[in-house]
Amino acid sequence: MLQRVGRECQRTLRQNDLIGRIGGEEFAGLLPETSLEATVQVAERIRGGVAALDLDDLVPGLRVTISLGVAALDRQDADFASLLDRADKALYRAKESGRDRVEVAGPS
């Protein structure tokens, strides 16, 4: 199931974008030269694509949803770790707010 989710994420991204699993059920994506608004649109397409995955061959009736946290590099981000931390906090807000949604991180 995680492989299919990863493939769906990759299918939605551009050739220069990167995505990888960073632990457990969490993935991180990097979309260079992309505005925050465009990144949110990509995240929504990924969310919808994952929700539409046909996983009946794995478990009949199985449906998967994902929550996404989105952040854009900010002048105040000291390094990539601070950017990732803000995205992670947005992800947890998405999970706490009902899951299957995209949350945008505020500035650092």
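Values in this text are rule-based calculations from the coordinates and carry no lab data. Predicted model only: the values in this text are computed from it and were never measured. Note: ideal-geometry Cβ built from the backbone for every residue, glycine included; neighbour counts use all protein chains shown.
Taking every DSSP beta bridge that has both ends in the chain, the antiparallel portion is near 60%.
Contact order normalised by length for the chain, with contacts defined as Cα pairs under 8 Å and 6 or more residues apart; what percent is it? For the chain, the relative contact order is 22 percent. A cut-off under 13 angstrom between Cβ atoms defines the neighbours of Leu73, and their net charge, with Lys, Arg +1 and Asp, Glu -1, is -3.
For region 7-51, trypsin sites (Lys or Arg not before Pro) meeting the loop criterion (DSSP other than H, G, I, E, B) and having at most 11 other Cβ atoms within 10 Å: Arg14. Placing +1 on the Cβ of every Lys and Arg and -1 on the Cβ of every Asp and Glu, with nothing else charged, gives the chain a dipole about its Cα centre of roughly 140 debye. Over the C-alpha trace of region 9-93, radius of gyration and Dmax come out as 14.1, 47 angstrom. Think of the chain as a dipole: +1 on every Lys or Arg Cβ, -1 on every Asp or Glu Cβ, centred on the Cα centre; then among Tyr92, Thr39, Leu2, Leu2 lies furthest on the positive end.
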